[in-house]
Amino acid sequence: MITNPMIPLSADTVSIRREYQQWDATHSTMKDTPPSDGRDYIRHAQNLLPFLEAIAEFHPFVKGEYLPTSHCIDSHALLLGAVASFKAVIQYEQNRRENELRVTAVFLAQTDAMRVVLE
């Protein structure tokens, strides 16, 4: 994270930075020794979303630190779009995995029903 040493940090900023550092340490561990369960990746990505959403919310254009030029508007729209897309992909994957569990339950019920034929 890039910071300006002339701007004092609020308690919230320090807390967010500490949480991000914890997330980043976990990320480094995951890269070095990938977990066997893919659900950990989704949970890990979900934990990144609050940081991305905060950046998108407090982008310099939104805070009024830049004049509203087309470059600032375009970069802000791009940032919001990227965060929204990332969030949508995470949600899609969660839904897919939940659906996969439902399909497995249906197969189990069907197998149970077919077992009756053999009895």
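Taking the numbered list (1) at pLDDT 75 or above; (2) more than 26 Å from the chain's Cα centre (by Cα); (3) within 27 Å of ILE16 (Cβ to Cβ) in turn, LEU108 passes all entries but (3). Candidates are the residues of the range 1-39 that are surrounded by 13 or more Cβ atoms within 10 Å (Cβ to Cβ) and at pLDDT below 85; the one that is farthest from ILE90 (Cα to Cα) is LEU9.
Among residues of the range 71-86 that are of a type in the set (Asp, Glu), none has a beta-carbon under 6 Å from a residue that is surrounded by 12 or more Cβ atoms within 10 Å (Cβ to Cβ) and at pLDDT below 75 at least six positions away or on a different chain.
You will find that of ALA88, ALA56, the residue that is assigned to a helix (DSSP H, G or I) and modelled with pLDDT under 90 is ALA56 and no other. A search for C-beta distances below 9 Å between a residue of the range 11-34 that is touching a residue at least 12 places away in the same chain (Cβ under 8 Å) and within 14 Å of PRO50 (Cβ to Cβ) and any residue that is exposed (fewer than 10 other Cβ atoms within 10 Å of the Cβ) and polar (S, T, N, Q), counting only pairs 6+ apart in sequence or on different chains, returns ARG17/THR3. The test for being modelled with pLDDT of 90 or more, surrounded by fewer than 14 Cβ atoms within 10 Å (Cβ to Cβ) and not aromatic (Phe, Trp, Tyr) holds for GLU98.
I want to confirm something. Restricting to the range 59-76 and keeping residues that are hydrophobic (A, V, I, L, M, F, W, C) and surrounded by 12 or more Cβ atoms within 10 Å (Cβ to Cβ), which single residue is modelled with the highest pLDDT? Quick ask: steps written out before the conclusion?
Here is the first cut: in the range 59-76, the ones hydrophobic (A, V, I, L, M, F, W, C) are 61-62, 67, 72-73.
Still in the list and also surrounded by 12 or more Cβ atoms within 10 Å (Cβ to Cβ): 61-62, 72-73.
Working: PHE61: 49, VAL62: 44, CYS72: 54, ILE73: 57.
So, considering only residues that are hydrophobic (A, V, I, L, M, F, W, C) and surrounded by 12 or more Cβ atoms within 10 Å (Cβ to Cβ), the one modelled with the highest pLDDT is ILE73.
The values are calculated or read from the model by the stated rules, or taken from the named source; none is laboratory data. Bear in mind the structure is a predicted one, so any value in this text is a computation, not a measurement. Virtual Cβ from ideal backbone geometry, glycine too; neighbours counted across all protein chains shown.
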